[in-house]
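Novice: Can you keep this structure in mind? I'll have questions shortly.
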Amino acid sequence: MTTTPAPATGVFDPGAAAAEATARILRDTLDGTARGVVVDSPPGAGKSTLVVRAALELAAAGRPLMVVAQTNAQVDDLVLRLAEKEPELPVGRLHSSDSDPYDRALDGLENVRKSAKAADLAGLDVVVSTAAKWAHVKTDEPWRHAIVDEAYQMRSDALLAVAGLFERALFVGDPGQLDPFSVVGAEQWAGLSYDPSASAVSTLLAHNPELPQHRLPVSWRLPASAAPLVSDAFYPYTPFRSGTGPGDRRLSFGIASDGSGPDRVLDEAAASGWGLLELPPRHTPRTDPEAVHAVALVVRRLLDRGAAAVSERSPDPVPVTADRIAVGTAHRDQAAAVRAALAALGVTGVTVDTANRLQGREYDVTVVLHPLSGRPDATAFHLETGRLCVLASRHRHACVVVCRAGVAELLDEHPSTEPVQLGVTLKFPDGWEANHAVLSHLAEHRVEWGP
Amino acid sequence: MSLIGTLARLEAVESGRAQPLATVRHRHLSDRPLVLVPLTTAGEAGAPLGALVGTDPAEPRLLVVAQPRDRDLRFAFLADLAEAVVPYLDGYAGEVEAAERSETDPETGKKVKVEVELCADAPQLIVPSRAGVEYVRLLGRSTRFRRTAEDDPDTPYPAPARVPLLGRWLTHYGERARVPGSSLLLAATDLLNRHWATGQSSLEDQHLGALLAWIEAGDGESGAEAALRAELGRDAAGQLLCPPAGPATDPTFDNRLLAPAIDRYDRARQALGAAEEGELADARLGELHRAEREVRRLVASQLKPTWDAVWRCLELLRGLPAGSRVADRWTRDRWSFTGHRDRVRSGEPPQPRRDDAVTSAQKLAARETAQAQLEAQEALDDPLVLAARRLAGEAFTAEVLDVVPAWTESKRPSPRPLLTVRTGDVPQLGEGVKVYRSLDGRPQSAAFVGYEPEDGTLVLRLLDRMGRAKNPAEGTVPVKGDRIVWTLFEHDQRGGPKLPDPEDTPWTHGGPPGEPGAERPDPVTPEDLL
């Protein structure tokens, strides 16, 4: 995390603002009287850093705690960060009894104890596990403290299963990312405060509206070119700023453009942070072969042209290697098709995944297959605000969107028609609005596929 | 929609006939289902207009409310409906078989086997459409809190006996219909749409007449033409040839035929009330009967085509053999029926208006498990369904080319043989991804090891179900030449974690719901007394 104020941000000092917000959160968590504290964090605002810091301070104050995360990858990541900050701290990693249940990197950490039984980890300062595993733990003596990470992605029924384990908790999450979902209909409970398919935070706040709520005001990940768009499109009432200024992040190529669509869109993205590679309009199957090929080609050219990034982390250009690039899609079969196309072009090591799985991850450059590209209809799934938000907020430098032309028209033909449910808080902006906002911004960085 | 579903729809358009989506029947059909075709009154929620109900296609029982806004007539209708439905349900309550259920012993906290009754078969309700399922739920909601004179002698408008009981059963069936794969209450359109793809949109597929037209098209007429006729065709009097499957009626029928007939009935009733002389009263009573018969005839004319269509649908589905795992799901339906039978018998109050936090979470978890189980079972039962999963990379069929014995590196080595298999499918496999096959009806798992670089064949490592000995038990390891279906999804579903008891609802969910007890009946509002 940097504290260098950028000249272009004027009087706003992102480092100071973030430090002040963190101090308030820790004060409420450590000394407050409320049973819960809720922290909203925009993409890349130092949420994990906050979780680690809160866990360390609670442990240092002699208050053992449990940490609830949503996926095993998140749990392992948290344990690694805790051990990195405080190698002496006794940490427990509660894991499932499946084969290969945790990251092998944990085996190298001296003070991390791993077990599938909660009893084996009793007495450790910090015990970390997934919500699914915690749900099977029984205890007579609840923990005095808990930290619930990614609380907006946790379902209300998952919180119901673990809430008996702790007395007080710090809930941290990003309200703009994908909402939890259910594979079966849950409309019959829509509008109930404890709707089991809603997010844990909405249930928590419906029953405990007096809980203190905080917000992290600075995104350290998003560059100055992306923060305003993401903030306006997805967080219109809770704006945030980028931690770096317009000139702090730069992307350059060792090899000049050959004039092709992929090269021109890369140049555009390097210059402005955004690029839209537009293919001719067409209705296609989900795994649109041309769009998938275009995505793969953009990645290939990005690597071939020797992209290098300059950022506040280092004064010298750092090569953008395959592991710093991600491709985001809406569906798993699309991701599989992109992986196959990349393999055919001889590209390895690039992360290709769906929005759901890219949540919480960070890359230098992302290439996104637009969720509505080539579709004849705009369903609630493809319009979901969180999906586009995740895809548009994973990058530190630039984001290239590959899309068929005609999405704006498609949106106009498919206004939101979800039934209105009584008692349900409307999520704003809705996906329709957010999609239009992003599209109109991308239109300024449009490059056509053809020469 | 799956790729193969889209293909089937395209083929339906091209050929002019619905195309099969399944080779077996994926829902249980009772030998003696109760078909219920309800109609409702336009403009007033929950005011039934009439129904055909019965277990014999040749002998439907016609129930009609001649003046739907008359609460007494409505109660009489509900009493008649209860008379038709409740004895049918009761007929299945008596025949039981012994079964075991594991329960937690309240004293020791240990799981113990308890001997319980399980109904040998369960009653099945069939309605024409999803709107019919909704209507069953609505009838249940509007009647289960009613009080009979026996429940409460002071109740101002006592419901006929059995009506609240009918409401509880309809509520149970309506709620069970939300569980994926359940067959206690089915909609005919859902049954047909599961097994056939038509060349029309899924919205149009909700029209029972149009759906049947696609499936039964032939003799020189395409499904599209027949469906259009079913949707729009009208006779010389301007009435639909194929009336809607309800519960809503066709507005043209309401305006031109039904409303005048009900008016005549109202006038005849008033005239009868005003008549003082015996002879005149007799004549007017005759008039009233004629007017009522006319309303009944009209309502029957709208119900009968749908009644016949529902039975036709059942006949079509009986033409398909049942999938092998359908009986397993039906057993769960029998448990559901038995459970509610026991709750009614033990005098528990009707289902609450709203689920509490724990109940709703439990229901959602149970339905998600049922959904995953249904998807897996349908694919395992039916090669056509499996084909869709294979196309999506979620399953593959492969021929075993080679088997190499191997063991774990522990003190007591267990068998972990390596299989080399060849497939023409494109499964989405990554290192360590687990795949499953069915071995004597139970899942055996294997882990994906990698692709052979030379020829692209797959290497799998078998992980379980090979017995406890050092060498695998006979028949548990595939042999060279076997063709095996592997799935990337699990065949069985693990149950979720145990949730707290409702009285232990945590602070995050509002704490305990408070005193459990029977909910009060719905208050009488001015609108109930039009």
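Novice: Taking the Cβ of B:Leu429 as the center, what net charge do the other residues with Cβ under 12 Å away carry, scoring Lys and Arg +1 and Asp and Glu -1?
Specialist: Details: positive: A:Arg339, B:Lys434; negative: B:Glu394, B:Asp425, B:Glu431.
Within the 12 Å Cβ shell, the charges total -1.
Novice: What percent antiparallel are the DSSP beta bridges of the protein assembly as shown, to the nearest 5? Intermediate values should be presented prior to the final figure.
Specialist: Working: 59 of 120 bridges.
So the antiparallel bridges in the protein assembly as shown amount to around 50 percent.
Novice: Now for a different question. What distance in nm separates the simple spin-label points at B:Val524 and B:Glu409, each placed 7 Å from Cα in the Cβ direction?
Specialist: Result for the modelled spin labels: 8.2 nm.
Novice: Magnitude of the Cβ-charge dipole of the protein assembly as shown, K/R +1 and D/E -1, about the Cα centre, nearest 20 debye? Walk me through the intermediate numbers first.
Specialist: Working: 109 positive and 138 negative charges, 324 e Å.
Around 1560 debye, computed over the protein assembly as shown.
Novice: Along each principal axis of its Cα atoms, how long is region A:295-420 end to end? Whole angstroms, biggest number first, please.
Specialist: Principal axes ranked by extent give 52, 34, 24 Å for the Cα atoms.
Novice: For region B:7-95, what's the relative contact order in percent, using C-alpha pairs closer than 8 Å and at least 6 residues apart?
Specialist: Details: 85 pairs, mean separation 14.6, N = 89.
Averaging sequence separation for qualifying contacts and normalising by length gives 16 percent for region B:7-95.
Novice: Is there a pair in B:Lys434/B:Lys498; B:Lys113/B:Lys498; A:Lys133/B:Lys363; A:Lys85/A:Lys117 whose C-alpha atoms are over 23 Å apart, and which pairs would that be? Could you put the intermediate results ahead of the total?
Specialist: On the way: B:Lys434/B:Lys498 26 Å; B:Lys113/B:Lys498 18 Å; A:Lys133/B:Lys363 20 Å; A:Lys85/A:Lys117 26 Å.
Flagged as over cut-off: B:Lys434/B:Lys498; A:Lys85/A:Lys117.
Novice: Within 10 Å of each Cβ in A:329-336, how many Cβ atoms from other chains are there, averaged over the peptide? Please report the intermediate quantities before stating the final value.
Specialist: Numbers: counts 0, 0, 1, 4, 6, 0, 1, 7.
Neighbouring Cβ atoms belonging to other protein chains average 2 per residue here.
Novice: Further, regarding this structure: Which is the longest part of chain A that has none of the GluC sites (Glu not before Pro) sitting in a DSSP loop with at most 11 other Cβ atoms within 10 Å? Don't jump to the answer; show the numbers that get you there.
Specialist: Numbers: sites that count: A:Glu88, A:Glu110, A:Glu210.
Longest site-free region, per DSSP loop and neighbour criteria: A:211-451.
Novice: Once both axes come from the Cα atoms, what is the angle between helix A:431-442 and the longest principal axis of chain A, in degrees from 0 to 90, rounded to 10?
Specialist: 50
Novice: Where in chain B is the longest stretch that carries no GluC sites (Glu not before Pro) classed as loop by DSSP and with at most 15 other Cβ atoms within 10 Å?
Specialist: Numbers: sites that count: B:Glu44, B:Glu95, B:Glu107, B:Glu150, B:Glu216, B:Glu276, B:Glu277, B:Glu409, B:Glu431, B:Glu454, B:Glu474, B:Glu490, B:Glu519.
Maximal segment without exposed cleavage sites: B:278-408.
Novice: Further, regarding this structure: Under 8 Å for C-alpha pairs, at least 6 residues apart: give me the relative contact order for region A:164-233, rounded to a whole percent. Before the final figure, lay out each step's value.
Specialist: Numbers: 22 pairs, mean separation 13.4, N = 70.
Over region A:164-233, the number comes to 19 percent.
Novice: Translational diffusion coefficient, Stokes-Einstein: compute it for the protein assembly as shown using the Kirkwood radius over C-alpha pairs as Rh, at 37 °C and 0.692 mPa s, and state it as an integer in µm² s⁻¹.
Specialist: Working: Rh = 32.2 Å.
Taking Rh from Cα pairs, D becomes 102 µm²/s.
Novice: Per DSSP H run of at least 4 residues, take -39500 (n - 2.57); add these up for chain B, divide by its residues and hand me the 222 nm value, nearest 500 deg cm²/dmol.
Specialist: Working: 12 runs with 198 residues, N = 530.
Here the helix-only value at 222 nm equals -12500 deg cm²/dmol.
Novice: Starting with the fewest neighbours, write out B:Val344, B:Val53, B:Val65 ranked by other beta-carbon atoms found within 10 Å of each beta-carbon.
Specialist: Numbers: B:Val344 16, B:Val53 22, B:Val65 26.
By the 10 Å Cβ count, ascending: B:Val344, B:Val53, B:Val65.
Novice: Obtain the nm distance between the two label points defined at A:Arg27 and A:Thr321 by a simple spin-label model: each point lies 7 Å from its Cα along the Cα-to-C-beta direction.
Specialist: Going from the A:Arg27 label point to the A:Thr321 one covers 4.4 nm.
Novice: Rank these for me by crowding, A:Trp143, B:Trp307, B:Trp486, going from fewest to most other beta carbons within 10 Å.
Specialist: Working: A:Trp143 17, B:Trp307 22, B:Trp486 26.
Final ranking by Cβ density, sparse to dense: A:Trp143, B:Trp307, B:Trp486.
Novice: Let me ask something else. May I ask for the distance between the Cα centers of region A:315-353 and region A:372-450, given as a whole number of Å?
Specialist: Between the Cα centres of region A:315-353 and region A:372-450 lies a distance of 22 Å.
Novice: Further, regarding this structure: Out of the DSSP beta bridges found with both residues in chain B, what percent are antiparallel (nearest 5)? Mind dumping the intermediate values first?
Specialist: Values: 51 of 58 bridges.
Roughly 90 percent of the DSSP beta bridges within chain B come out antiparallel.
Novice: Roughly how far apart, in whole Å, are the Cα centres of region A:47-63 and region B:72-98?
Specialist: Result: 62 Å between the Cα centres.
Novice: Now for a separate question. Count, for each residue of B:495-501, the Cβ atoms from other chains sitting within 10 Å of its Cβ, then give me the mean as a whole number.
Specialist: The mean count of partner-chain Cβ atoms within 10 Å per residue comes to 5.
Novice: For region B:382-487, would you read off the P(r) tail past 18 Å as a percentage of all alpha carbon pairs?
Specialist: Values: 2593 of 5565 pairs.
In whole percent, the long-distance tail amounts to 47.
Novice: Of all the stretches in chain B, which is the longest one without any exposed loop site, taking trypsin sites (Lys or Arg not before Pro) in a DSSP loop (any state but H, G, I, E, B) with at most 12 other Cβ atoms within 10 Å?
Specialist: Details: sites that count: B:Lys110, B:Arg353, B:Lys411, B:Arg468, B:Lys470, B:Lys480, B:Arg494, B:Lys498.
Excluding the exposed sites themselves, the longest stretch runs over B:111-352.
Novice: Follow-up question, since we're still on this one. Report, for chain A, the % of DSSP beta bridges that are antiparallel, rounded to 5.
Specialist: About 15 percent, rounded to the nearest 5.
Novice: Here's a follow-up. Between A:His283 and A:Val420, what length in nm is gained on full extension when 0.36 nm per residue of separation is reduced by their alpha carbon distance? Display every interim value, and only then the final one.
Specialist: Numbers: separation 137, 0.36 × 137 = 49.32 nm, distance 2.99 nm.
So the chain would gain 46.3 nm between A:His283 and A:Val420.
Novice: For B:392-400, what's the mean count of beta carbons from other chains sitting within 10 Å of each residue's beta carbon?
Specialist: Details: counts 4, 4, 2, 0, 0, 0, 0, 0, 0.
Mean partner-chain Cβ count within 10 Å for B:392-400: 1.
Novice: I've got another one for you. What nm value, rounded to one decimal, do you get for the distance between B:Glu315 and B:Asn471 when each label is placed 7 Å out toward the C-beta?
Specialist: In this crude label model, B:Glu315 to B:Asn471 measures out at 6.0 nm.
Novice: Enter the Cα centre distance for the pair region B:168-242 and region A:9-41, rounded to the nearest angstrom.
Specialist: Here the two parts' Cα centres lie 58 Å apart.
Novice: When only C-alpha pairs under 8 Å and at least 6 residues apart count, what is the relative contact order of chain B, in percent? Don't skip to the answer; put the middle values down first.
Specialist: Values: 914 pairs, mean separation 85.0, N = 530.
Computed over chain B, the figure is 16 percent.
Novice: Name the residues of region B:343-363 whose amide N is less than 15 Å from a point 7 angstrom out from the Cα of A:Ser182 along the C-beta direction?
Specialist: Under 15 Å, as judged by backbone N against the label point of A:Ser182, lie B:354-363 of region B:343-363.
Novice: With Cβ to Cβ distances under 14 Å as the rule, what net charge do the other residues near A:Leu106 carry (K, R +1; D, E -1)? It would help to have the intermediate numbers written out before the result.
Specialist: Details: positive: A:Arg81, A:Arg93, A:Arg104, A:Arg113, A:Lys114; negative: A:Asp76, A:Asp77, A:Glu84, A:Asp100, A:Asp103, A:Asp107, A:Glu110.
Computed value for this residue: -2.
Novice: Can you list the DSSP H helices in chain B whose Cα atoms extend at least 15 Å along the helix axis and whose mean Kyte-Doolittle hydropathy is 0.0 or higher?
Specialist: Values: long enough: B:3-15 (18 Å, 0.79); B:71-90 (27 Å, 0.52); B:130-143 (20 Å, -0.20); B:163-176 (20 Å, -0.39); B:259-274 (22 Å, -0.62); B:278-318 (57 Å, -0.43); B:326-345 (28 Å, -1.60); B:357-381 (35 Å, -0.34).
What comes out of the filter, once short or polar helices are dropped, is B:3-15, B:71-90.
No value in this document is a laboratory result; all are computed from the given coordinates. Everything numeric in this text was worked out from a predicted model, so none of it was measured. A quick note on method: Cβ atoms are made from the backbone with ideal geometry, for glycine too, and the neighbour counts reach across all protein chains shown.
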